[in-house]
């Protein structure tokens, strides 16, 4: 069975960290959860946090990953031509590094399309990430886990939930989110 994924947009790092913590508490492993965000947004958040919390959480990427996000696997900086540096963690990192090279649509959107995200949604995600939002995703082969991830995303009050690898249920969900 092909992997299925659920994607969403978090408006802030605090919101993303809460969702990642909720995914962890629900039993998801750190190798199926991904996050992607612009480094400039992370540095701005880190500057505010370090002022109030001291220097905890500094890492090789200059302190941009800490808290619940530090639990994620495979954190790295990803250079996107024409868009600048991004921070990626989890399966999305490998998919984007490989997917961006051969995609018809370049940048983040091209990599997301390669992961099964519809083109319109992928372009919307890229715009929101560039604007300072965070992309979260859960990758799994289990429909039950996909439903759990969607529930956690919905409870976290995120935007633009999109599931890949589904048929009728996905179309109904997209229709619902488009007309809300």
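When 78, 55, 61 are checked against the criterion of being within 14 Å of the chain's Cα centre (by Cα) and either farther than 23 Å from residue 3 by Cα or modelled with pLDDT of 70 or more (or both), 78 stands alone in meeting it.
The set of residues in the stretch 125-151 being within 20 Å of residue 72 (Cα to Cα), touching a strand residue (DSSP E or B) at 6+ places or on another chain (Cβ under 8 Å) and in a helix (DSSP H, G or I) consists of 129, 145, 146, 149, 150. Among the criteria (1) buried (at least 16 other Cβ atoms within 10 Å of the Cβ); (2) closer than 25 Å to residue 4 by Cβ; (3) at pLDDT 50 or above; (4) touching a helix residue (DSSP H, G or I) at 6+ places or on another chain (Cβ under 8 Å), the one residue 103 does not fulfil is (3).
Could you tell me whether residue 109 is part of a helix (DSSP H, G or I), under 15 Å from the mean Cα position of the chain (by Cα) and modelled with pLDDT under 90? Spelling it out, residue 109 is indeed part of a helix (DSSP H, G or I), under 15 Å from the mean Cα position of the chain (by Cα) and modelled with pLDDT under 90. With respect to the conditions (1) under 15 Å from the mean Cα position of the chain (by Cα); (2) at pLDDT 80 or above; (3) farther than 16 Å from residue 37 by Cβ, residue 94 falls short on a single one, namely (2).
Quick one: would you say residue 24 is modelled with pLDDT of 80 or more and part of a helix (DSSP H, G or I)? Considered against the rule, which asks whether it is modelled with pLDDT of 80 or more and part of a helix (DSSP H, G or I), residue 24 comes out as yes. Restricting the stretch 106-122 to residues that are free of Cβ contacts under 8 Å to residues at least 24 places away in the same chain and crowded, with 18+ Cβ neighbours inside 10 Å, the residue that is farthest from residue 95 (Cα to Cα) is 122.
Reported count of residues in the stretch 152-167, each being farther than 15 Å from residue 3 by Cα and either outside any helix (DSSP H, G or I) or over 12 Å from the mean Cα position of the chain (by Cα) (or both), is 9. Here residue 157 meets each of (1) buried (at least 17 other Cβ atoms within 10 Å of the Cβ); (2) within 20 Å of residue 18 (Cα to Cα); (3) modelled with pLDDT of 90 or more with one exception, condition (1).
The values are calculated or read from the model by the stated rules, or taken from the named source; none is laboratory data. This structure is a prediction, so every number in the text was calculated from the model and none was measured. Heads up, the Cβs are rebuilt from the backbone with ideal geometry, glycines too, and the neighbour counts pull from every protein chain shown.
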